[in-house]
Amino acid sequence: SESRPARTYDAIIVGAGFSGLYQLHCLRDRLGLSVRVLEAADGVGGTWYWNRYPGARCDSESYYYSYSFSPELEQDWEWTERYPEHSEILRYLNHVAERFDLLRDIQFETRVTGAAFDEARDRWSVTTASGERFEAPFLITAVGCLSAANVPAIEGLERFAGEWYHTGRWPHEGVDFAGKRVGLIGTGSTGIQATPVIAAQAAHLTVFQRTANYSVPARNGPMSPEVQREIKANYAAIREKARASTNGHPFDVSEQSALDVTEEERRARYEAAWERGGLRFRAVFRDLLLDKAANDTASEFIRAKIRSIVKDPEVAAKLTPTDHPFASKRPPIDTDYFETFNRDNVLLVDLKATPIEEIVPEGVRTRDATYPLDVIVFATGFDALTGPLLALDIRGSGGRPLKEAWAAGPRTYLGLQTPGFPNLFTITGPGSPSVLTNMPIAIEQHVEWITRCIAHLRERGLARIEATPEATEAWVAHVNEAAHATLLPMANSSWYLGANVPGKPRVFMPYAGGMARYRSHCEAVAAKGYEGFALR
Ligand code: NA7
């Protein structure tokens, strides 16, 4: 492969999901750069290309889980449901790729296996699984935060006689559950979406739960023409609101404390939010993620709901979370999740009481029983945020691996750059608010910031930008401080902390200070001539 000549571009982008598509559009069509996008899959879509498991849909509402950069696109596209199904988002992203003529600069079925910075030439050299080489002054990762599947190393999996799948690498032809005994491991957002759908298709479903989870009804439904019209008439204001919000969602967070109202009033507010459904349950009071006593009221409300929905009190008790506050782990929303445990063909296994010991040819064996299965579904999440970046085997100045620079946890400046890795930009990287927000809003902000930064460098004939160690240390400290101002670090099994992957450093990775605050910080940095970065 060394003998093959490298193909040279102004920028290389890794990944063709929401981030990579927009980054290509900005660099190519606004700055006029030559750009190559390298994508492992055979189509665009990223998350929505891979996650085709039954029940997979977005937890943000369709009309705002979308690009805002093109008013024409906003007006033309018709969403059919309140929460878009994976296939609908994939259709949308394919539409975007065609509409903006992006496909011709994307190279599919091309997995990046290495990237090294050439100090003398200020250039990244990127290698792929098939031995191709690409060079460019700028390397931009658009690999997503939840794209490295986490399949737990359970003894005996290779001896399992049935089929097994991870939800994040779901077969495109689908899986036929009819007449089958299915085991599903994991009760995060994914497991909670998949459980009701699989239960309705399979002969029998066993849900293996390690940590009981809170969930609020999504209340999905068709998007009516009236709602569609109303949204389209108000898109500019909706987007403005999302950009100015803490989580990139276009709704108001109450200014009231949960502790400032009577118990009756509180209950009425929670009931209304439960009926309305969705992630905005979190916004009922301003302090649900800031004050444990306030949070207790919401956590207890949901626990009571679980006990009222699930008929068997023993099953209800197992499903009731007690070890972490509501929303300190990413809160799922669901369609009939708790109701599904009232079905005759569904069994809940509490792994805290009886952990999985091994997988045997006929199924899963816990400490006290063997569960015979035809299919195992791993809804066990991802090596979040750092996993997809470390998989690229990136080496910076002096050949230093990113793995080494991040041995004690990720250290970035604004989530965008890492010292020692000049001209490498990480869209939605660790240390940015990304995963705590409505993703497309966070993505657009990063992509636009990176685009302006590259334009700035080129206009001034500068070849190189690198985060300084001092600015990075200060940012890492600020990310840590922002997390500890909230209840988020209280969930000790959360992927925000890397706690779901054995051996991963425990560092709270996303920036919890809010999207609006983050955005103005990034803008101030740029306005001050890229303060905290060394340019030359
Ligand atoms: P999550 O939220 O990381 O959930 C994974 C689930 O799998 C969670 O319940 C884990 O239990 C469980 N898990 C992980 N490893 C094991 C093992 N070894 N044994 C048993 N159970 C295990 O991933 P999701 O895919 O649901 O959601 C990811 C994000 O996608 C979500 O937050 C949204 O942003 C969209 P644990 O809680 O660690 O005890």
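Each value in this text was obtained by applying a stated rule to the coordinates, not by laboratory testing. Values in this document were obtained by computation on a predicted structure and should not be read as measured data. In this analysis, Cβ positions are derived from the backbone assuming ideal geometry, glycine residues included, and neighbour counts consider all displayed protein chains.
With the simple spin-label model, which puts each label point 7 Å out from Cα in the Cβ direction, the Asn342 to Ser34 separation comes to 6.4 nm.
Assuming charge only on the beta carbon of Lys and Arg (+1) and of Asp and Glu (-1), the dipole of the chain about its Cα centre is about 800 debye to the nearest 20.
Compared with the dominant principal axis of the Cα atoms in the chain, helix 86-99 is inclined by about 20°. Partner lysines whose Cα lies under 25 Å from the Cα of Lys241, excluding those fewer than 8 positions away in the same chain, are identified as Lys232, Lys329. For Arg111, project a label point 7 Å along Cα to C-beta. Then give me every residue of segment 46-80 with its amide nitrogen under 19 Å of that point. From segment 46-80, the list is 46-52. What is the angle, in °, between the Cα long axis of helix 469-484 and the longest principal axis of the Cα atoms in the chain? Nearest 10 is fine, range 0 to 90. It is inclined by approximately 20 degrees. Full extension of the chain between Glu275 and Ala6 gives 91.1 nm of extra length, using 0.36 nm per residue less the Cα-Cα distance. Placing +1 on each Lys and Arg Cβ and -1 on each Asp and Glu Cβ, with no other charges, gives segment 152-212 a dipole about its Cα centre of roughly 160 debye. Taking square-rooted eigenvalues a ≥ b ≥ c of the alpha carbon gyration tensor, is segment 201-279 rounded, prolate or oblate, where a/c under 1.5 means rounded and, failing that, a/b exceeding b/c means prolate? Judged from the Cα gyration tensor, segment 201-279 comes out oblate (a/c at least 1.5, b/c at or above a/b).
Ordering Leu392, Gly409, Pro361 by Cα displacement along the dipole of segment 352-423 toward the positive end leaves Gly409 in first place; charges were set at the Cβ atoms of Lys, Arg (+1) and Asp, Glu (-1).
Classified by the C-alpha gyration tensor, the chain has a prolate form. Its axis ratio a/c, with a ≥ b ≥ c, is 1.5 or above, and a/b is larger than b/c. Express in whole angstrom the spacing between the alpha-carbon centres of segment 158-211 and segment 394-450. When both Cα centres are located, 33 Å separates them. In segment 111-189, a dipole from Cβ-located charges (positive for Lys and Arg, negative for Asp and Glu) runs towards its positive end, and of Ser130, Ala120, Gly168 it is Gly168 whose Cα lies farthest in that direction. For trypsin sites (Lys or Arg not before Pro), the sites in segment 99-206 that DSSP calls loop and that have at most 12 other Cβ atoms within 10 Å are Arg121. If only the Cβ of Lys and Arg carry +1 and only the Cβ of Asp and Glu carry -1, the dipole of segment 289-346 around its Cα centre is close to 100 debye. Using the Cβ of Ala40 as centre and a radius below 12 Å, the other residues enclosed give a net charge of -1, where K and R count +1 and D and E count -1.
Quick one: length gained pulling Arg243 to Asp312 fully straight, 0.36 nm per residue minus the C-alpha distance?
Additional length available on full extension: 20.4 nm.
Taking every alpha-carbon pair under 8 Å whose residues sit at least 6 apart, segment 223-382 reaches a relative contact order of 12 percent.
Within the shell of other residues whose beta carbon sits under 15 angstrom from the beta carbon of Ala408, the net charge comes to +3, with Lys and Arg scored +1 and Asp and Glu -1. Taking every alpha-carbon pair under 8 Å whose residues sit at least 6 apart, the chain reaches a relative contact order of 19 percent.
Which of the listed residues, Ser254, Ala237, Thr206, is farthest toward the dipole's positive end in segment 200-280, when Lys, Arg count +1 and Asp, Glu count -1 at the beta-carbon? So the residue we want is Thr206.
Backbone phi angles across segment 13-19, fed through the Karplus curve with coefficients 6.51, -1.76 and 1.60 (θ = phi - 60°), yield HN-Hα couplings of 10, 9, x, 10, x, 3, 6 Hz in residue order; Gly and Pro are listed as x.
For Lys180, the aspartates and glutamates whose Cα comes closer than 15 Å to its Cα, not counting residues fewer than 8 places off in the same chain, are Glu163, Asp344, Glu362, Asp374.
Sparsely packed loop sites in segment 409-501 (the trypsin sites (Lys or Arg not before Pro) outside DSSP H, G, I, E and B with at most 13 other Cβ atoms within 10 Å) comprise Arg460. The chymotrypsin sites (Phe, Trp or Tyr not before Pro) of segment 80-132 that DSSP puts in a loop, and whose beta carbon has at most 14 other beta carbons within 10 Å, are Phe108. If both residues of a DSSP beta bridge must be in the chain, then about 40% of such bridges are antiparallel. Length available on full extension from Arg159 to Glu404: 0.36 nm per residue minus the Cα-Cα distance, which gives 84.7 nm.
To the nearest ten degrees, helix 189-201 and the longest principal axis of the Cα atoms of the chain are 50 degrees apart. Measuring nothing but how far apart in sequence close Cα pairs (under 8 Å, 6+ apart) lie, relative to its length, segment 331-389 scores a relative contact order of 16 percent. A simple spin-label model places pseudo-atoms 7 Å from Cα toward Cβ; at Arg517 and Asp42 they are separated by 4.7 nm.
A straight Cα-to-Cα reach below 16 Å connects Lys352 with the aspartates and glutamates Glu314, Asp323, Asp368, residues fewer than 8 places away in its own chain not being considered.
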